[in-house]
Amino acid sequence: MEVETTPYQRSERKQGGRPAKKVKRNFTLVVRVTETERLLVAGKAREAGLSLSAWFRAAAKKTTVTARLRPEEMATLRMLSGLANNLNQLARLAHREGLLSVQGKCRQALDEINRTLHLVGRDDRQSDDR
């Protein structure tokens, strides 16, 4: 006995509606901007031929953000500021007493400043001039 199947059986029916998306976006990010910023972003999105959401996604994927200074770097910069203050005091002293009397102290201060600048300049962030 042969079972006759019809093309309208439930298992062979095509599913109706919109096909499922390959990438489903479940989360929403809310960004507050000023009117000027909104116009700027809308203009850039229009020039690129993208929606605002697509432009933000593309911009977020392409951009690199430089981190703020770490506490160790801030301490180094404060030390550099103090060294600059010492150097300024040595320059005043050299004007009063003569350069030769202060030459050694100035050389020490400059060496310390150079070491500190080398520490600050040495980091793993990317830059155009390094």
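The values are calculated or read from the model by the stated rules, or taken from the named source; none is laboratory data. Worth saying up front: this structure is predicted, and the values here are computed from it rather than measured. Cβ: placed from backbone, ideal geometry, glycine included. Neighbour counts: every protein chain shown.
Does any residue in segment 81-97 that is assigned by TED's automatic domain parsing to the domain that holds L110 come within less than 9 Å, Cβ to Cβ, of a residue that is exposed (fewer than 13 other Cβ atoms within 10 Å of the Cβ) and among the hydroxyl-bearing types (S, T, Y) six or more places away or on a different chain, and which pairs are these?
What qualifies is L93/S101; A94/S101.
Restricting to segment 35-57, name every residue that is within 17 Å of R25 (Cα to Cα) and hydroxyl-bearing (S, T, Y).
Correct list: S51, S53.
Of everything in segment 10-50, what is not in a loop (DSSP other than H, G, I, E, B) and not assigned by TED's automatic domain parsing to the domain that holds A60? Give them in sequence order.
R10, S11, E12 - these are the residues of segment 10-50 that are not in a loop (DSSP other than H, G, I, E, B) and not assigned by TED's automatic domain parsing to the domain that holds A60.
Within the set of pairs 6+ apart or on separate chains, which have a first residue in segment 32-60 that is free of Cβ contacts under 8 Å to residues at least 24 places away in the same chain, a second that is aromatic (F, W, Y) and surrounded by 13 or more Cβ atoms within 10 Å (Cβ to Cβ), and C-beta atoms under 7 Å apart?
Note: pairs meeting the criteria are V41/W55; K44/W55; A45/W55; A48/W55.
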